[in-house]
Structure formats: structure tokens, C-alpha cells
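Comments concern the structure below.
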Amino acid sequence: MPTAIARYVRFVDTMNRGLGRLVMYLIFVMMGVLLYATISRTFFDLPPIWTTEMAQMIMTAYYLLGGAYSMLLGAHVRMDLLYGSWTPKRKAFTDTITSCFLFFYVSILLYGGISSTQYAIEYDQKNFSVWAPPMAPIKVVMTIGILLMLLQVISTFFKELAAFKGKPISRPAVDGGYV
């Protein structure tokens, strides 16, 4: 593979690995919001109107920004009826084809995410609730998460294509670097 592709793969993998490790702590932020809601409602009889939606938005950011990291680690669910018994070359070929379909799907998601974000910003879209938070921030996060996933799909495609050709680009080391 050309040097530019290898650099791209390393850059995207490093970026998604770092962001994924950072984003995984959002689960604790969400737990804190829900704990606050429980304590304020139970002990002080003051139910906050914002906690449920805030927890939903944090969870949305958690799984959208963590999707590329999950793909990098190979942690997505995979139907493994035959795949496990295949040779590495056949797995790489199949993953290359799958990446092409995934690229198309995520590209359509990105187009919709950009359109939805533009709408939210242009019309100052608010959620239909008592709290009525603006929707633009979470839609920006959604679009960024989808973009990161698209970049990771391209990186995965190049890694699998190189593996199919018998010349792997790189493999992650135990400490998160590359060998």
C-alpha cells in the first residue's frame, strides 16, 4: 500500500482510539446525572425536568462517538456461521466487500445527519418537552460521530485490502501504538 494510505490508516486509527477511550467515560457522566435525578426526587421531592433528556443525549453521544472505536477494536456484533472457519485471506476479502456496503450506508447516514443538523441550526429546533433543549448540539455530535465512523470504514477497507494482498499495513500493539 502507498505510504499516504498507511499514514491515513494510522492517523484515523490513532484519532478514533484516543477519542474512544475518552468517550467511554461519558457513561459515568450519564450515571451521575441519573443519580442526581434519583437523589433530588427521592430525598428532596424536587424532580428536575432536564435529567432524563440530558441522560439520553449523553448516551447518544456515547454510542455515536464510540462507534468508530468499536469498529477499530472489532467489537461490533458479527454473525459467525462460517466466518470463523475461513482462512485469513478469505476473511479479508469478505471484510473488504462488506466495507464497501458499509461505506455506502454510512455515507447516506452522514448526508442525513448533515441535513438534520442544518435544519436544527437554521430553525432553532427544540425538543418537544417541558425542558425543550435545543437539538443542534446533539445533532452536531451525531454528525461528527457518523463522520468518524465513515473515516474508520475507509481505514478498515484499506487494512483489509492490504491483508487480502498479503501485505498488512500495520497492526496495533498492546500499548495502543503500532508495530
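Where a number appears in this text, it was derived from the coordinates with a stated rule and is not lab data. Computed from a prediction, not measured in an experiment: that's the story for all the values here. Heads up, the Cβs are rebuilt from the backbone with ideal geometry, glycines too, and the neighbour counts pull from every protein chain shown.
Computed quantities for the displayed model
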item	result
Inter-part distance where segment 138-170 and segment 74-99 are each reduced to a Cα centre, Å	16 Å
Å³ per residue enclosed by the Cα convex hull of segment 1-56	64 Å³
Computed label-point distance, nm, for sites Ser70 and Val29 using a 7 Å Cα→Cβ extension	1.8 nm
Under 26 Å from Lys159, Cα to Cα: lysines that are on another chain or at least 8 residues apart	Lys89, Lys91, Lys167
Span per principal axis, largest first, for the Cα atoms of segment 1-137 (Å)	61, 36, 30
Three-way shape call for segment 37-118 based on the alpha-carbon gyration tensor, with the a/c threshold at 1.5	oblate
Thr52/Gln125 FRET efficiency (R0 22 Å; Cβ-Cβ; nearest 0.05)	0.70
Candidate lysines for bridging to Lys126, where Cα separation is under 24 Å - those fewer than 8 sequence places away on the same chain excluded	Lys139
Residue among Ser116, Ser129, Ser70 with the largest mean-square fluctuation in a Gaussian network model of the chain, springs linking Cα atoms under 10 Å	Ser129
Most positive-pole-ward Cα, Ile146, Thr87, Ala68, against dipole of segment 62-148 from beta carbon charges	Thr87
Residue-averaged 222 nm ellipticity for the chain, from DSSP H runs of 4+ at -39500 (n - 2.57), nearest 500	-24500 deg cm²/dmol
Residue among Phe158, Phe93, Phe44 with the largest mean-square fluctuation in a Gaussian network model of the chain, springs linking Cα atoms under 10 Å	Phe44
Scattering curve values for segment 68-170, log₁₀ I(q)/I(0), Debye with Cα scatterers, q = 0.11, 0.14 Å⁻¹	-0.47, -0.65
Charge sum, other residues only, whose C-beta stays under 14 Å from Asn16's C-beta, Lys/Arg counted +1 and Asp/Glu -1	+3
